[in-house]
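All remarks here apply to the structure that follows.
The values are calculated or read from the model by the stated rules, or taken from the named source; none is laboratory data. Nothing here was measured: the structure is a model prediction, and the numbers come from that model. Ideal geometry is used to build each Cβ from the backbone, glycine not excepted, and the neighbour counts take in all protein chains shown.
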């Protein structure tokens, strides 16, 4: 039963919201170069329905959970989140975000979005299928600004910023009957959730923030960068430090490091053993809040 409903929702989600379409889009020339910058590691979670979920802050508030949806034309923020953070949407449910910050360090300003709850998200949350509460869809107008590399063996995605501005969406309008059908679908999913005893997923538990970037060099984990005034900087961690142990457990790859720190929530301490200039040191970082 669960497999059947999961498959059904996957198909529904892939169809994308029907409320917008694209204006005529100029085709780029095949030999036209795209300017790229340094790739950024974006943490992600493969939720129970096997969708890629990333976290993002909106106007400094959050973080919130978004599905990376290549079939969705725009950024969609759920109505509940819109009310919570005070988004001012127009009569057609459009709003402009001052800032959208993706976990990992990427950000965009003046981002146009739809403030609505697609029936796919409403239904999935009602049935508790994702395992977490979802807050919207990260669509084309946001993700088209990056070259994205997906490697599901890793705990992070590599997103490289591009010098590219996607064309704006054009509203379709849609019939009242179509909207009513979508609302009926969401209601049906809630009824099925009630009848089957499936409960919504728990509210998201934010991951702790440390403020470091690491790289693998010669089979070891080396601190590449420490953000100023971050918990790591306050604990004394420095670029060039080699991380040998996390909470007494030896780590040799970034995947092991991420696995060891994934469940550290804000205000919890994290013990590290590092090697600096040939000498071992013990550091304790208190996880912060934010991205």
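Could you please give the count of residues in the range 66-78 that are more than 21 Å from residue 47 (Cβ to Cβ) and surrounded by fewer than 20 Cβ atoms within 10 Å (Cβ to Cβ)?
The number of residues fulfilling the criteria is 0.
Filter the range 63-83 for residues that are within 17 Å of residue 99 (Cα to Cα), in contact (Cβ under 8 Å) with a residue 60 or more places away in the chain and not in a loop (DSSP other than H, G, I, E, B) and give the result.
Listed by number, the residues that qualify are 63, 64, 65, 66, 75, 76.
Inside the range 171-271, counting only helices (runs of 4 or more DSSP H) that do not spill past its ends, which hold 2 or more residues that are in contact with a strand residue (DSSP E or B) (Cβ under 6 Å, 6 or more places away or on another chain), more than 18 Å from residue 156 (Cβ to Cβ) and modelled with pLDDT of 90 or more?
Here the list reads 231-235.
So is residue 164 farther than 25 Å from residue 260 by Cα, in a loop (DSSP other than H, G, I, E, B) and in contact (Cβ under 8 Å) with a residue 60 or more places away in the chain or not?
So residue 164 passes the test.
Condition test on residue 27, is it part of a loop (DSSP other than H, G, I, E, B) and at pLDDT below 50?
So residue 27 passes the test.
Among the residues of the range 154-161, are any in a loop (DSSP other than H, G, I, E, B) and touching a helix residue (DSSP H, G or I) at 6+ places or on another chain (Cβ under 9 Å)?
Taking the range 154-161 and keeping what is in a loop (DSSP other than H, G, I, E, B), we get 154-155.
When the remaining residues are screened for being touching a helix residue (DSSP H, G or I) at 6+ places or on another chain (Cβ under 9 Å), the result is 154-155.
For the range 154-161, residues in a loop (DSSP other than H, G, I, E, B) and touching a helix residue (DSSP H, G or I) at 6+ places or on another chain (Cβ under 9 Å): present.
What number of residues within the range 88-110 are surrounded by fewer than 21 Cβ atoms within 10 Å (Cβ to Cβ) and in contact with a helix residue (DSSP H, G or I) (Cβ under 8 Å, 6 or more places away or on another chain)?
3
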